[in-house]
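The values are calculated or read from the model by the stated rules, or taken from the named source; none is laboratory data. These numbers were taken from a predicted model, which means no experiment stands behind them. So basically every Cβ, Gly included, is an ideal-geometry build from the backbone, and we count neighbours across all protein chains shown. The accessibility values were calculated without ligands, DNA or RNA, using every heavy atom of the protein model including side chains. Shrake-Rupley method; radii C 1.70, N 1.55, O 1.52, S 1.80 Å.
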Amino acid sequence: MKKKEILIISVVIIILLLIIFGIIIFTKDTVPKANEEEQITEQEQRFISCLENELGARISSNILEFSDIKLNDIIDKTEGIMYFKGVQSGNNSYIIVKTNTTYDYDINKYFDLYFSNKYDTFQLFDLTTGIYAYLHNNENNTSKSELLKACQGSNLKDIKVEDFPSKTIDKLNKTASIVIKDGSYELGQITNTEEIEQILNYISMSKQYGENFLCDGHLFELEMLDEEGKLIDTIYLWGDGKRLLPKSLEGGCGYYSIANFDIDFRKIIEENTNYKFYGIYDYSVEGKENLTQIYEDEKYKYFINWENSDKVLIYFTLNNLYMKLEYALNNNYITPKQLEEYDGLLIRETK
C-alpha cells in the first residue's frame with residue numbers, strides 16, 4: 001500500500017476517533033436528544049419551552065449573564081431523565097427536569113440536595129407528570145398557579161361538564177359557622193361572615209368534569225352549621241385542595257372540582273387553623289444511632305435521630321418552599337408542635 005493511501009486512512013481513523021470521543025463527552029453533560037424526541041410529547045415540549053421563558057425571567061439579575069448548569073455536576077447517571085435544563089444568573093438559578101416516572105427517589109434526591117446545599121431556601125414545583133422545576137431568586141415567591149396559568153392550556157374543551165346543584169347551594173347559603181375537621185379531630189372553626197361567603201362562592205364554582213373519577217378518599221371535612229348550631233351538610237375535601245363533595249350528594253366515586261388555579265381549599269385550612277401542609281424528606285445515609293440537636297426554645301432542647309441533619313429536608317406544599325428542617329425550625333417556618341404528626345421525628349428534652 002502506498003504511503004499516501006496509508007496517510008489518508010490514518011487521518012480518517014483519527015477523525016472518526018475524535019468524533020466518537022466528542023460524542024462521549026457530549027453525552028456526559030446532556031440528556032441524549034434522540035431519547036428526548038422519542039419520549040417527550042409535543043405538548044410537553046411546548047410546556048417546557050414556556051417554563052424556560054417564565055423561569056428565565058425570574059432569575060434575571062443585574063449581571064445579565066446566564067450560564068448553564070451541567071447535569072453531571074448534580075448527578076452522574078442520565079437513565080430515567082428525559083429532559084434537563086439548568087441556568088444560573090448571578091446568585092439565582094433554575095432547573096427543569098423531566099423523569100420517566102412521577103417520582104424517582106434515586107433521581108429527585110440529587111436535585112433536592114443540590115439546591116439545599118446551595119441555598120437556605122428554594123422553590124420546587126411538581127407541575128405535571130414527571131416534570132419538576134427548581135427555582136431560587138431573591139424573593140422565592142413564585143406561585144405554582146402563576147406557572148400553570150402561563151404555560152398550561154385548558155384540556156376541558158370536549159369533556160362533559162356538570163354544574164354544582166343549585167338546590168344544594170341554596171341549602172348551604174344558611175351556613176353561619178364552619179367546623180374544619182381532620183377525621184374526628186377538630187382543627188378549627190370559621191365564623192367570619194365574609195370568609196364563609198367566600199367559601200360558599202368557591203363551592204358553587206366547582207363542577208363535575210367527565211364521568212371517570214379517581215376513587216381515592218377525602219382527607220378533610222367542613223361541617224356547615226346554621227345559626228342554631230345544627231348541621232346543614234358536610235363538605236368532603238380531598239388532599240389536593242381542589243376536589244370536594246357534599247355528604248348529601250355522596251354516591252360512587254364522583255366529586256366536584258375547582259378548575260381555577262388560584263383557589264385552593266388547603267389555603268383556607270392553613271389560614272384558619274394551626275395545620276401545615278408539608279412533607280419531610282430524609283436523604284441521609286449515615287447510621288441513626290446518635291442524637292443531633294436541631295432546635296431549642298425556652299423550655300426544651302430538640303434532637304433528631306440522624307447524625308447529619310443537613311440531609312433532612314422539609315417541603316411546604318402551598319408556597320412550594322423547600323429547605324433544611326433545621327433552618328425551618330430556627331427561622332419560624334414551622335414549630336415542633338406542628339411536626340408531632342411525624343411520630344419520633346423530634347426527641348424533646350427538658351433544659
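Between Glu186 and any residue 5 or more places off or on another chain, the built amide H atoms are never under 5 Å apart. With the alpha-carbon atoms of the range 228-304 aligned to their principal axes, the span from lowest to highest coordinate is 52, 35, 25 Å, starting with the largest. Only protein heavy atoms count here; on that basis, with a 1.4 Å probe, Thr129 has an accessible area of about 90 Å². A Stokes-Einstein calculation at 25 °C with viscosity 0.890 mPa s, built on the Kirkwood radius of the range 272-351 over Cα pairs, returns a diffusion coefficient of 188 µm²/s.
Accessible surface for the range 104-217, divided over its residues, is 54 Å² per residue with a 1.4 Å probe. Accessible surface of the range 245-331, 1.4 Å probe: 40 percent of it comes from carbon and sulfur atoms. Less than 5 angstrom separates the built amide H of Glu296 from those of Tyr302, all sequence-distant by 5 or more or on a different chain. Applying the Karplus relation 6.51 cos²θ - 1.76 cosθ + 1.60 with θ = phi - 60° to the range 244-255 yields 3J(HN,Hα) values of 8, 7, x, 4, 5, 9, 4, x, x, 9, x, 7 Hz, where x marks Gly and Pro.
In what sequence, largest accessible area first, do Lys301, Lys181 appear using a 1.4 Å probe?
Descending accessible area places them as Lys301, Lys181.
Think of the range 44-140 as having a plus end and a minus end, set by charges on the Cβ of Lys, Arg, Asp and Glu; of Ser67, Asn138, Tyr105, Ser67 sits farthest toward the positive end of this dipole. Shown here for the range 131-202: GluC sites (Glu not before Pro) in loop regions (DSSP other than H, G, I, E, B) with at most 16 other Cβ atoms within 10 Å, namely Glu139. Given a 1.4 Å probe and the protein chains as shown, Thr193 ends up with an accessible area of around 90 Å². Rg then Dmax, both in Å and based on the Cα atoms of the range 92-139: 10.6, 31. Rolled with a 1.4 Å probe across the full set of protein chains, the surface gives Asp182 an accessible area near 60 Å². Roughly how many percent of the accessible protein surface of the range 77-153 is carbon and sulfur, given a 1.4 Å probe and a whole-percent answer? Carbon with sulfur: 40 percent of the solvent-accessible area. Tell me, what is the Rg over Rh of the range 208-351, with Rh the Kirkwood radius over Cα pairs? Using only Cα positions, Rg/Rh for the range 208-351 is 1.09. Computed 3J(HN,Hα) for the range 66-72, one whole-Hz value per residue from the Karplus formula 6.51 cos²θ - 1.76 cosθ + 1.60 where θ = phi - 60°, is 10, 10, 7, 8, 7, 4, 6, glycine and proline marked x. Note on Glu197 and Lys149: the model spin-label points, each 7 Å out from Cα along the C-beta direction, lie 2.3 nm apart. For the range 40-83, what class follows from the C-alpha gyration tensor (a ≥ b ≥ c being the square roots of its eigenvalues): rounded when a/c is under 1.5, otherwise prolate if a/b is larger than b/c, else oblate? Because a/c hits 1.5 or more and a/b fails to exceed b/c, the range 40-83 counts as oblate. Charged side chains reduced to their Cβ positions (Lys and Arg at +1, Asp and Glu at -1) give the range 209-351 a dipole of some 320 debye around its Cα centre. Couplings 3J(HN,Hα) for the range 132-141, derived from phi with the Karplus relation 6.51 cos²θ - 1.76 cosθ + 1.60 (θ = phi - 60°), are 10, 10, 10, 9, 9, 9, 5, 9, 6, 10 Hz, where x marks Gly and Pro.
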